[in-house]
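Comments concern the structure below.
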């Protein structure tokens with residue numbers, strides 16, 4: 001009996017290691033299951049202020065039927081972003097381009113400006129757990145984000161979804177236009193951890209420093 | 001880009017932040033005189049969460065007319081009609097002014113610790129889309145700037161990202 005439990009645990013562990021390796025290996029490759037789908041459930045992380053403006057600008061140009069249904073996530077303390085997203089979605093409906101109802105969710109923010117180190121640990125844990133809960137509930141095909149820290153738990157959760165299930169998630173990060181010579185801390189982390197499938201930068205200087213990034217010119 | 005439209009107003013904006021150092025210097029006597037000498041007739045301050053309140057003045061002869069407010073749902077109208085914009089370095093404010101084609105002076109907030117914001121303003125100043133200053137150099141910048149040296153910012157769109165994504169996901173671009 002004891003042997004069997006041990007064997008079972010080793011099998012699960014090996015499968016997870018293989019899945020982890022596979023998820024890393026296949027990063028940045030479009031996989032066959034993607035190609036057959038006609039529309040993709042899209043999770044859009046709104047980072048407040050300029051981040052939200054840039055992201056909604058991008059969403060407004062996406063094909064509304066391919067990238068649907070859409071789910072928007074913003075920090076609990078950010079009371080502007082979701083209503084801006086709602087206004088954008090309403091303009092889609094007026095164009096008769098939206099066939100699905102969009103969803104709007106709020107996430108606990110990992111860290112507020114000026115928060116102490118000790119309480120940051122606790123709130124980061126809560127933020128992480130909440131991110132996992134959101135991603136596992138929405139189970140998106142695509143995660144779109146452009147910082148700041150709010151999108152980190154979502155991206156880690158998206159990667160775990162790749163490792164744990166056979167659900168494929170395409171993860172996309174677009175560095176803010178304000179970053180000309182240096183990546184933001186969030187961008188740097190996601191780049192170094194190799195979590196994203198597509199990593200876009202808006203200035204050539206960044207592309208030179210971070211060759212795995214894709215240069216797409218300015219979004220504005 | 002058009003020359004100083006004489007007797008137009010100057011819009012000073014700090015966005016959703018507070019940036020008292022900018023409002024204080026723009027409200028100073030030296031700055032008022034510099035603006036008057038460049039042909040501007042009035043100043044509108046948008047002071048955000050700042051605590052420094054600029055003087056209001058009705059603008060008698062040979063003095064600057066000034067007014068202020070804290071926030072507005074949209075700054076688009078103020079930006080669209082301004083003869084000159086003096087702004088903090090937030091990317092939202094910068095691009096709103098550039099897209100409206102208004103002459104722009106971006107002022108660095110020296111008090112911010114991680115001042116990555118100036119990266120963007122300096123890069124755009126190198127391309128002659130705007131002028132860069134700090135609270136200490138603003139008056140000098142206003143006195144010496146040559147608006148005709150500015151180049152109209154060529155607005156861009158997220159189309160390249162959209163195409164890259166579509167391609168990655170295997171959508172043919174119809």
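So for the range B:103-114 (the condition being surrounded by fewer than 22 Cβ atoms within 10 Å (Cβ to Cβ) and closer than 24 Å to residue A:84 by Cβ), does at least one residue qualify? Taking every residue of the range B:103-114 in turn, none turns out to be surrounded by fewer than 22 Cβ atoms within 10 Å (Cβ to Cβ) and closer than 24 Å to residue A:84 by Cβ.
Need pairs with beta-carbon distance below 7 Å; first residue under 22 Å from residue A:162 (Cα atoms) and within the range A:2-23, second surrounded by 10 or more Cβ atoms within 10 Å (Cβ to Cβ); sequence gap 6+ or separate chains. Note: pairs meeting the criteria are A:16/A:163; A:19/A:163; A:20/A:163; A:23/A:159; A:23/A:162; A:23/A:163. Taking the criterion of being touching a helix residue (DSSP H, G or I) at 6+ places or on another chain (Cβ under 8 Å) and surrounded by fewer than 19 Cβ atoms within 10 Å (Cβ to Cβ), the residues of the range B:69-102 that qualify are B:72, B:76, B:100. Looking at the range A:64-87 only, could you name the residues that are buried (at least 18 other Cβ atoms within 10 Å of the Cβ) and farther than 30 Å from residue A:123 by Cα? Result: A:64, A:67, A:68. Checking each residue in the range B:133-162 for being part of a helix (DSSP H, G or I) and more than 9 Å from every other protein chain (Cβ to nearest Cβ) picks out B:138, B:139, B:140, B:141, B:142, B:143, B:144, B:147, B:148, B:149. Where strands (runs of 3 or more DSSP E) fall wholly inside the range A:134-220, the ranges with 2 or more residues that are touching a residue at least 60 places away in the same chain (Cβ under 8 Å) and either closer than 18 Å to residue B:165 by Cα or touching a strand residue (DSSP E or B) at 6+ places or on another chain (Cβ under 8 Å) (or both) are A:142-145, A:170-174. Only one entry of B:15, B:39, B:48 meets the criterion of being at positive phi and surrounded by fewer than 18 Cβ atoms within 10 Å (Cβ to Cβ), and that entry is B:39. For the range A:46-72, a tally of residues being assigned to a helix (DSSP H, G or I), under 14 Å from the mean Cα position of the chain (by Cα) and free of Cβ contacts under 8 Å to residues at least 60 places away in the same chain returns 1. Taken over the range B:26-45, the criterion of being outside any helix (DSSP H, G or I) and either modelled with pLDDT of 95 or more or closer than 18 Å to residue B:143 by Cβ (or both) is satisfied by B:27, B:28, B:38, B:39, B:40, B:41, B:43, B:44, B:45. The residues in the range B:133-153 that are touching a helix residue (DSSP H, G or I) at 6+ places or on another chain (Cβ under 6 Å), crowded, with 16+ Cβ neighbours inside 10 Å and under 27 Å from residue B:20 (Cβ atoms) can be counted, and the count is 5.
Restricting B:43, B:139 to residues that are in contact (Cβ under 8 Å) with a residue 24 or more places away in the chain, farther than 20 Å from residue A:49 by Cα and more than 14 Å from the chain's Cα centre (by Cα) narrows the list to B:139.
Considering only the range B:122-132, state which residues are under 13 Å from the mean Cα position of the chain (by Cα) and either part of a helix (DSSP H, G or I) or within 13 Å of residue B:24 (Cα to Cα) (or both). Break it down stepwise before answering.
Residues of the range B:122-132 that are under 13 Å from the mean Cα position of the chain (by Cα), as a first pass: B:124-125, B:129-132.
Hits for the range B:122-132 are B:124, B:125.
The values are calculated or read from the model by the stated rules, or taken from the named source; none is laboratory data. Since we're looking at a predicted model, the values are computed, not measured. So basically every Cβ, Gly included, is an ideal-geometry build from the backbone, and we count neighbours across all protein chains shown.
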